[in-house]
Amino acid sequence: MLYIMRHGKTDWNLKHKLQGKTDIPLNDMGIGMAKEACEKYKDVHFDVCYCSPLVRARETANLVLEGRKVPIIIDERLAEMGFGIYEGIENVFDKPECPVRELFFNPADYKAVGGAESLEELIARTKSFLDDIALPLVNEGKDVLIVGHGAMNSAIIGIIRHTPVEKFWAEGIENCRLIKLL
């Protein structure tokens, strides 16, 4: 089986700031969410967890898997999408002048500028991870958990489910919700 989970809440989530690759830790709410997920999903079997290198994902993986002997392996390809100079911008949905806003409303038309990562780059690196690591393990009968982020997880869902880029956000990636993909 292949599962994904988004990290718990951070202060930047609450302030509606673009996090991207900025390394923001979980806040108390996010810690609580991860602990609740630990209890909620305690009967779901995982052989291994692959995790983003960012602290909010690592903290979530550690809390969700607390008390289990599941190895947590960091893979750089699971980091969140980079938003370049736009990381830290608040309320991007309300700022039509911000180019990153297009990613959320019209992902197929999104053009990365200002050091941001393109959707094509994000999809290529997550596909590389799936092809090199996750899918071979699943094909061996292993249960794999990926702990990551909203855009990165959406890319993985799109690859697995063959979702068109226009529907990039269709799944709705809630914090600490386990999604079974395969």
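The values are calculated or read from the model by the stated rules, or taken from the named source; none is laboratory data. Please read these numbers as outputs of a predicted model, since none were measured by experiment. Neighbour counts are summed over all protein chains in view; Cβ atoms, including those assigned to glycine, are modelled from backbone coordinates with ideal geometry.
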Check: Restricting the range 21-64 to residues that are without any contact (Cβ under 8 Å) to a residue 60 or more places away in the chain and of a type in the set (A, V, I, L, M), which is farthest from E87 (Cα to Cα)?
Finding: L63
Margin query: Tally up the residues in the range 1-36 that are of a type outside the set (S, T, N, Q) and in contact with a Phe, Trp or Tyr (Cβ under 6 Å, 6 or more places away or on another chain), please.
Written below: 3
Note to self: I need the full set of residues from the range 155-170 which are of a type outside the set (F, W, Y) and farther than 24 Å from L137 by Cα, in order please.
What the structure shows: P164, V165, E166, K167, A170
Margin query: Within the range 13-126, considering only helices (runs of 4 or more DSSP H) that don't extend past its boundaries, which have at least 2 residues that are at pLDDT 95 or above and basic (K, R)?
Written below: 28-40, 55-64
Note to self: Return the residues of the range 1-35 that are over 16 Å from S154 (Cβ atoms), buried (at least 19 other Cβ atoms within 10 Å of the Cβ) and among the polar types (S, T, N, Q); say none if nothing qualifies.
What the structure shows: T10
Next item on the list: Hey, can you tell me all the residues within the range 55-76 that are closer than 22 Å to A151 by Cα and out of contact with any Leu (no Cβ under 9 Å at 6 or more places or on another chain)?
Entry: R58, N62, I73, I74, D75, E76
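Is it the case that the range 53-63 has a residue that's of a type in the set (D, E, K, R), loosely packed, with under 13 Cβ neighbours inside 10 Å and either farther than 24 Å from C176 by Cα or touching a Gly at 6+ places or on another chain (Cβ under 8 Å) (or both)?
So in the range 53-63, the residues of a type in the set (D, E, K, R) come out as 56, 58-59.
This time we only want the ones that are loosely packed, with under 13 Cβ neighbours inside 10 Å, so: none.
Within the range 53-63, none of the residues are of a type in the set (D, E, K, R), loosely packed, with under 13 Cβ neighbours inside 10 Å and either farther than 24 Å from C176 by Cα or touching a Gly at 6+ places or on another chain (Cβ under 8 Å) (or both).
Being basic (K, R), over 27 Å from H16 (Cα atoms) and in contact (Cβ under 8 Å) with a residue 60 or more places away in the chain is the requirement here; does K142 meet it?
The answer is yes for K142.
Residue-by-condition table, conditions (1) under 18 Å from the mean Cα position of the chain (by Cα); (2) among the aliphatic types (A, V, I, L, M); (3) on the phi < 0 side of the Ramachandran plot:
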{"residue": "V44", "(1), (2), (3)": "no, yes, yes"}
{"residue": "L54", "(1), (2), (3)": "yes, yes, yes"}
{"residue": "E59", "(1), (2), (3)": "yes, no, yes"}
{"residue": "R68", "(1), (2), (3)": "no, no, yes"}
{"residue": "F83", "(1), (2), (3)": "yes, no, yes"}
Notebook entry, point to check: List pairs: first in the range 88-110 and of a type in the set (D, E), second in a helix (DSSP H, G or I) and surrounded by 13 or more Cβ atoms within 10 Å (Cβ to Cβ), Cβ under 8 Å, 6+ apart or cross-chain?
Noted result: D109/E102
Next item on the list: Tell me, yes or no, whether the range 97-120 has at least one residue that is surrounded by 12 or more Cβ atoms within 10 Å (Cβ to Cβ), closer than 16 Å to R6 by Cβ, of a type outside the set (K, R) and under 12 Å from the mean Cα position of the chain (by Cα).
Entry: no
Check: Out of (1) surrounded by fewer than 17 Cβ atoms within 10 Å (Cβ to Cβ); (2) in contact with an Asp or Glu (Cβ under 7 Å, 6 or more places away or on another chain); (3) not aromatic (F, W, Y), what's the single condition that is false for G141?
Finding: (2)
Note to self: Going residue by residue through the range 164-178, is there one that turns out to be among the polar types (S, T, N, Q), outside any loop (DSSP other than H, G, I, E, B) and touching a His at 6+ places or on another chain (Cβ under 9 Å)?
What the structure shows: yes
